[in-house]
Amino acid sequence: MRDAQSAAAGLIADVLAGRSVSESDLASANAGPAARDLTFGTLRRLGTQRAIAARLARRGIPDPWVEALLCVALYQLQHTRAAPHAIVDEAVRATRMGGHSHAAAFINASLRRFQRESTPLLEAAAKTPEGRWNHPRWWVERLQRDHGEYASHILDSGVGHPPMGLRVNQRHSTVEDYLARLRGDGIDASRLENDALVLDKPRASRELPGFGSGDVSIQDAGAQWAARILDAQHGMHVLDACAGPGGKAAHLLETADIELTCLDSAQDRLAAVQGQMTRLGLAASLRCARAEDLGAWWDGRPFDRILLDAPCSGSGIVRRHPDAKWLRRAADIPSFARQQKTLLSALWQALAPGGKLLYVTCSVFAEENVDVVRDWLGKASDAAELPITAFSGRDGVLLPSSVHDGFFYALFVKLPAPAAPAP
């Protein structure tokens, strides 16, 4: 616990200072599994911990690291099985070892007070939106406006552990056969209606039979609807416009023999796409360019299918990236919406008449989803929205659940140009 608590405090202090937590940050902080669990667990429930900390320190805590350490220790006292006295003692030691000796007495007194008064402190914390829902106030209010009675479900899901979904490469085996392999290795999983598998307990990729040889991939079950809905057929010319890290692109290639172009504006994300292709033995044309800049990458040959997995707030997958909800600002959402409309308008030009474009986000905010679609459709006279019957979502929104993350899907067909009038 010693190193884990201190490492988690350092990473959470970064978030309090406005910096995100990346895999490289976790590696450089020597954050082993215990520290990772503490970091992500505390971030998922940071609203409650900060609300309690504010009551324990009426004059505020000027040092972000001290506040972060207090939040980590408070989370441990509520949600881990570590001995309370060990949590308190280690927090005091970490304060001194980390060069914050002046705060040792405060940390000790605050944690011991919480042990004595946990019930009233938790009740008081729950009276604030952040403390009750563990999301920023603006986030809570937006979800309540967009989803009404379903908002509490979305907010509750955001503090849970994300499910681990698997996609079976059906070029290699059937879903039934792979499910039998898992069970033969003592790994329990459930099959969903879109053939995705969800593990009862997360596993490292090395524990999955056939992962290295491309028999299976790790992909959220909600994301696996994309290939089904787009329904690319053999021989089609297909574009994945924002392809990184490559899960949806690989799924498209596993589904049909298509000519696929993968586009992404970030070289590291494109490298991740190539890694997927190599492991799975698939091939695609990879281009590093901004999708809206058609002149930089498009040769003028229309696509039969376009997948636009647009940049977004990530509000539907926040339990996987719990730092995001504390770093996002309400003003970010209109900015994402403008970018999404720009991408739709640009890529529509590259779609063949009769072709289909699937617009996807991993957001549950209406401003990035139905509002974008409504506004764009009002200006695209040659576009028609097609019904999506694959899943029972609300206005195209697949709400997050215990087996998948939250997504939005909207499918459009390009209408043929009207016939020229007879002479």
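Here are some residues: Arg191, Arg181. Which one is of a type in the set (Lys, Arg) and in contact with a Pro (Cβ under 6 Å, 6 or more places away or on another chain)?
Details: Arg191 fails: in contact with a Pro (Cβ under 6 Å, 6 or more places away or on another chain).
None of the other options fit; the residue is Arg181.
For segment 92-118, name all the residues that are surrounded by fewer than 15 Cβ atoms within 10 Å (Cβ to Cβ) and outside any helix (DSSP H, G or I). Result: Gly99, single match.
Condition check: in contact (Cβ under 8 Å) with a residue 24 or more places away in the chain and surrounded by fewer than 22 Cβ atoms within 10 Å (Cβ to Cβ). Does Ala331 satisfy that? The answer is no for Ala331. Quick check: is even one residue across segment 163-170 within 22 Å of the chain's Cα centre (by Cα), under 30 Å from Thr278 (Cα atoms), surrounded by fewer than 21 Cβ atoms within 10 Å (Cβ to Cβ) and not β-branched (Val, Ile, Thr)? Yes, the conditions are met somewhere in segment 163-170. Residues in segment 246-268 that are farther than 15 Å from His172 by Cα and touching a strand residue (DSSP E or B) at 6+ places or on another chain (Cβ under 9 Å): 14 in all. When Asp89, Asp25 are screened for being surrounded by 16 or more Cβ atoms within 10 Å (Cβ to Cβ), without any contact (Cβ under 8 Å) to a residue 60 or more places away in the chain and either within 23 Å of the chain's Cα centre (by Cα) or farther than 25 Å from Ala124 by Cβ (or both), only Asp25 passes.
Read-outs throughout are calculated quantities, based only on the coordinates presented, and are distinct from any laboratory measurement. No experiment lies behind these values; they were computed from the predicted model shown. Ideal geometry is used to build each Cβ from the backbone, glycine not excepted, and the neighbour counts take in all protein chains shown.
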